[in-house]
Amino acid sequence: MTETPHAAARRPGSREMRQAVPAPVLLAGCLYAMAIVGIVWLTLRPVFVPEGEGPHRYGIVAATGLAVGVLAALIAVAVRRGPWLAAVLAFLGYLAAAIVVAIPGAMTDGLGGVARGIADALRAPVWGWRDVVTLPVPLGEYEATLAVPLVLMVASGAAVTWAATRPRRWGVAGVIGGAAVVAAIALGPAARRDLAELPGPLASLSREMVLGLLALAATVGWVLWRTGHERRRALAGVGGGVRGVRVRGRALGRVAMGAGVVGLAVVSAAAVAVPVAGSQPREVGRSAIEPRLVVDRAVSPLSRYRAYFADDLYDAPLFTIGDLAGDVERVRIAALPFFDGSEFTAVAPSGYTPLRFQHVPSALAVSGDGVSATLTVDALEGPWAPLPGELGGVTFGGPRATALVDSFYYAPQAGIAVVALDGGVAAGDAFTASAAAAPDIDLAQAGPSPGAAAVPADLIPQSLRDWVEAQGVTRDGAGLATLVDRLRSRGYLSHGLTDEGNPRWLAELGAYTFEPSPAGHSYDRLDRLFAALVEREAQVGPGASDAALVAAAGDDEQFAAAAALLAAELGFPSRVVVGARLLDTDPRGWTPPSCADGVCRGRHMTAWAEVQSASGEWIPVDVTPQHTQPVTPSVASERDPELPTATDPDRAEAIDAVAALKGRSGGDDSVPAEPVVEPWFTGWVRVAVVGIAVLIMTLVPVVAIVIAKAVRRARRRRGTARAAAQGGWDEYVDVGIDAGRAAMPLATRRELAAAYGTRHGRELADIADRATFTTEGVEDGDARRAWELVAADRAEFRGRLTRWRRLGTRLSTRSLLGRATAPRRRPTTPTAHVDERWRAVRVPTSSARGRR
């Protein structure tokens with residue numbers, strides 16, 4: 001069924017599709033799309049390219065994405081089809097570009113690699129963003145992560161270019177451009193980057209703020225230009241093309257006023273908005289993931305606890321505490337609520353809710369006595385930031401204060417903070433924190449067990465259960481306090497396996513008998529600790545004193561973990577905390593000394609357990625074992641050796657990995673290595689292929705324009721002499737339009753020829769008029785003469801231009817995109833006065849009479 005013209009006119013967007021797009025509008029839309037894609041490229045560059053690195057594959061991906069997106073929109077505009085064609089072309093171009101430049105290895109493994117590349121490219125727009133925001137930066141060329149910025153640049157380039165050419169919906173292009181920049185920010189880095197190299201007050205600007213200002217300037221500039229263009233077109237249509245005379249002084253005044261307003265806005269932003277924005281955290285997609293990635297990569301501070309008692313850190317200042325306000329008893333560095341069988345950590349195992357890290361607003365609601373302190377980092381390492389308690393608010397100091405605003409994250413559930421910067425905290429970082437002090441509650445007052453332990457039952461050693469059952473205590477706070485007290489009394493402090501070199505910690509304990517103790521707090525290590533206690537108690541018998549039951553050697557690492565598991569066995573939520581004390585909190589005096597004069601050194605570091613009472617408070621529990629009553633020698637000789645055979649690193653031999661897997665030594669009986677096939681798509685081959693692909697993408701629009709004009713010229717010369725003569729005139733007009741002349745749709749052919757001022761224009765106009773308005777028309781010789789005149793006038797047009805302008809006329813798309821036509825007006829018929837005494841009588845036509 002044929003669609004009527006009225007139905008086509010009613011179809012949404014059909015008239016817009018038929019209308020030609022002026023060349024300035026098309027050029028402005030392409031420039032705006034280039035600006036948006038360029039800002040997206042700069043925003044995401046720190047995610048993929050290491051700082052200070054030169055050319056990178058990411059730059060090729062950005063250029064390719066821009067070319068594919070803009071070219072897809074231009075083709076759809078040129079053939080005057082809807083956005084579906086631009087979307088299809090952009091999608092196909094994205095797949096091709098992803099395989100060639102974005103996904104490493106897709107071109108090296110034959111058809112299988114291409115198939116995997118296509119699958120990765122199809123997956124990237126849906127799930128690829130998760131890889132970008134969850135993997136540590138910079139990503140480089142890791143797997144298919146480069147396909148994510150590629151699809152963003154292709155989509156934004158095509159959508160912006162297409163929307164910018166729409167006569168009535170061009171404002172959507174600004175919305176699309178803003179959305180593309182917002183998407184890039186959401187995928188971008190979580191930390192700001194200062195531009196300290198800029199002069200004067202501009203040094204306070206951050207890279208992200210400059211990119212935001214550029215995006216705003218590009219959008220505002222394009223909107224203002226497009227608004228002015230639409231206004232000029234409207235005035236030309238209403239006024240018959242007559243323009244008002246511009247007053248140069250008034251125009252310069254408007255320009256100066258606009259520049260002054262823009263300059264004032266920039267100065268105001270630098271003076272007011274920049275400091276305010278710099279003091280606020282930067283929330284992006286990576287903000288929720290970055291701290292968890294940092295915690296995942298970091299070594300548990302409890303696992304490296306013994307490093308603080310090595311001679312190089314024993315007296316080294318780790319951090320300093322000043323400006324104390326309130327009773328600050330402890331400084332918390334890390335709280336570790338999860339046990340996975342190997343260590344206590346802040347990483348939630350499968351099936352447990354992970355810690356939720358967040359940026360700290362101006363203030364957090366806390367309960368308890370308020371305290372505050374300024375903590376300045378010295379030799380402390382790792383991502384963990386020291387805090388004086390449950391955090392209420394924090395400000396930053398030191399040379400990295402601005403970077404700390406964006407990289408400081410706090411987990412209220414555990415009361416810990418991390419710094420998501422490379423290397424974690426650094427010397428000079430300062431945190432002025434207001435917090436709530438820990439409640440002054442004794443563990444015996446914790447009340448009945450809430451029955452909500454955070455440690456899985458299968459990770460609690462059976463030896464621990466046997467020891468708890470042998471103690472015969474109640475399953476409440478008082479019973480747990482009794483267990484912890486007995487554990488400390490029957491343990492023995494030891495920070496190492498050997499006493500070689502007379503370490504500092506050993507010398508400062510005075511009359512101390514060394515007992516070796518392996519590090520670690522895994523399931524096996526704690527199982528052996530409680531097994532030794534159970535075995536010793538079985539040997540001595542009931543009723544023996546604690547001094548006779550000393551059987552387990554270790555330090556705060558093992559005993560804090562053991563106390564946390566004891567609490568879990570009784571049903572109490574528990575966790576392990578690593579930190580230092582500012583006041584002596586242990587009445588027995590067994591814990592490491594408190595920080596002297598506000599300086600916390602390695603020998604002041606300690607660990608304790610925290611147990612949650614039935615009412616919800618977290619109670620700190622000191623766990624350091626005694627060091628005056630050593631392990632009874634007979635016990636050590638009667639049980640199996642606790643320590644595995646020590647390995648001498650100087651005599652150890654490396655074992656071949658393949659031999660180790662097959663149970664053989666790494667001798668001559670080794671598996672021959674398979675030959676390595678070098679991929680062909682590397683080095684200069686890759687550079688050549690990528691360069692050729694980029695060159696082809698660049699030349700495709702140029703070749704398309706030349707071919708389109710050649711096809712149009714050949715079509716016009718075909719047909720009858722009358723059609724060829726009229727086609728020659730159309731070619732003459734298009735040559736003039738490409739050379740910069742106006743279309744003049746309301747002028748006659750002679751008037752247009754006079755305006756163009758070529759030597760043969762008048763004769764060509766006469767031939768075209770005879771072909772159009774006379775009955776005899778023209779002969780074949782006249783048609784050939786018309787095309788000869790067109791060739792001569794084309795040479796005359798180009799002879800008036802410079803070399804580059806001549807090349808521009810050959811590649812101009814003004815004539816291809818259609819000429820401006822006169823505004824259509826409804827035909828009006830003169831109204832005649834009709835006397836009301838006469839009635840209009842409609843006389844039927846002959847055909848009507850016949851039908852009647």
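The values are calculated or read from the model by the stated rules, or taken from the named source; none is laboratory data. Every value quoted in this text rests on a predicted model; they were computed, and no experiment measured them. Cβ placement follows ideal geometry from the backbone for every residue including glycine, while neighbour counts extend to all protein chains displayed.
None of F338, F357 is in contact with a strand residue (DSSP E or B) (Cβ under 9 Å, 6 or more places away or on another chain), over 16 Å from V577 (Cα atoms) and crowded, with 18+ Cβ neighbours inside 10 Å except F357.
If the condition is being farther than 20 Å from E610 by Cα and either polar (S, T, N, Q) or not in a loop (DSSP other than H, G, I, E, B) (or both), then region 402-424 contributes T402, A403, L404, V405, D406, S407, F408, Y409, V419, G424. Of the numbered criteria (1) in a strand (DSSP E or B); (2) at pLDDT 90 or above; (3) in contact with a Leu (Cβ under 8 Å, 6 or more places away or on another chain), the one A335 fails is (3).
Hey, can you tell me all the residues within region 425-459 that are assigned to a loop (DSSP other than H, G, I, E, B), acidic (D, E) and more than 30 Å from A379 (Cα to Cα)? Once the filter is applied, which keeps residues that are assigned to a loop (DSSP other than H, G, I, E, B), acidic (D, E) and more than 30 Å from A379 (Cα to Cα), region 425-459 yields D440, D442. Take R722 and decide whether it is of a type in the set (K, R), touching a residue at least 40 places away in the same chain (Cβ under 8 Å) and part of a helix (DSSP H, G or I). Considered against the rule, which asks whether it is of a type in the set (K, R), touching a residue at least 40 places away in the same chain (Cβ under 8 Å) and part of a helix (DSSP H, G or I), R722 comes out as yes.
In region 751-774, the qualifying residues are those that are of a type in the set (V, I, T) and surrounded by fewer than 19 Cβ atoms within 10 Å (Cβ to Cβ), and the one that is farthest from A739 (Cα to Cα) is T774. Taking region 74-118 as the range and being among the β-branched types (V, I, T), over 19 Å from A33 (Cα atoms) and surrounded by 15 or more Cβ atoms within 10 Å (Cβ to Cβ) as the test, the residues that pass are I99, V100, V101, I103, T108, V114, I118. Tell me, yes or no, whether region 443-452 has at least one residue that is without any contact (Cβ under 8 Å) to a residue 40 or more places away in the chain and more than 25 Å from V599 (Cβ to Cβ). The answer is yes, given that some residue of region 443-452 is without any contact (Cβ under 8 Å) to a residue 40 or more places away in the chain and more than 25 Å from V599 (Cβ to Cβ).
Cβ separations smaller than 7 Å between residues 6+ apart or across chains give no pair from region 609-630 residues that are free of Cβ contacts under 8 Å to residues at least 60 places away in the same chain to residues that are of a type in the set (D, E, K, R) and part of a strand (DSSP E or B).
The rows are residues; the columns are (1) of a type in the set (S, T, N, Q); (2) closer than 28 Å to V700 by Cα; (3) touching a Phe, Trp or Tyr at 6+ places or on another chain (Cβ under 7 Å); (4) modelled with pLDDT of 90 or more.
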position	(1), (2), (3), (4)
A8	no, no, no, no
S14	yes, yes, no, no
A33	no, yes, no, yes
P46	no, no, no, no
G65	no, yes, no, yes
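Of all residues in region 154-183, those that are exposed (fewer than 15 other Cβ atoms within 10 Å of the Cβ) and not in a helix (DSSP H, G or I) total 3. Of the candidates G472, G477, the single residue that is within 26 Å of R528 (Cα to Cα) and buried (at least 23 other Cβ atoms within 10 Å of the Cβ) is G477.
Taking the criterion of being surrounded by fewer than 19 Cβ atoms within 10 Å (Cβ to Cβ) and either in a helix (DSSP H, G or I) or at pLDDT below 85 (or both), the residues of region 775-793 that qualify are T775, E776, G777, D780, G781, R784, R785, E788, A791, A792. Being of a type in the set (G, A, S) and closer than 26 Å to G520 by Cβ is true for just one of A607, A596, A614. Which residue is that? So the residue among A607, A596, A614 that is of a type in the set (G, A, S) and closer than 26 Å to G520 by Cβ is A607. Among the criteria (1) modelled with pLDDT of 90 or more; (2) surrounded by fewer than 18 Cβ atoms within 10 Å (Cβ to Cβ); (3) hydrophobic (A, V, I, L, M, F, W, C), the one V425 does not fulfil is (2).
If the condition is being of a type in the set (G, A, S) and within 19 Å of F357 (Cβ to Cβ), then region 374-388 contributes G382, A385.
Restricting attention to region 293-332, the residues being part of a helix (DSSP H, G or I) and more than 19 Å from P412 (Cα to Cα) number 10. Among the residues of region 382-401, the ones that are part of a loop (DSSP other than H, G, I, E, B), of a type outside the set (G, A, S) and surrounded by fewer than 18 Cβ atoms within 10 Å (Cβ to Cβ) come to 1 in all. In region 210-236, the residues that are under 19 Å from V37 (Cβ atoms) and touching a residue at least 60 places away in the same chain (Cβ under 8 Å) never reach a residue that is of a type in the set (G, A, S) and loosely packed, with under 14 Cβ neighbours inside 10 Å with C-beta atoms less than 6 angstrom apart, at least six apart or across chains.
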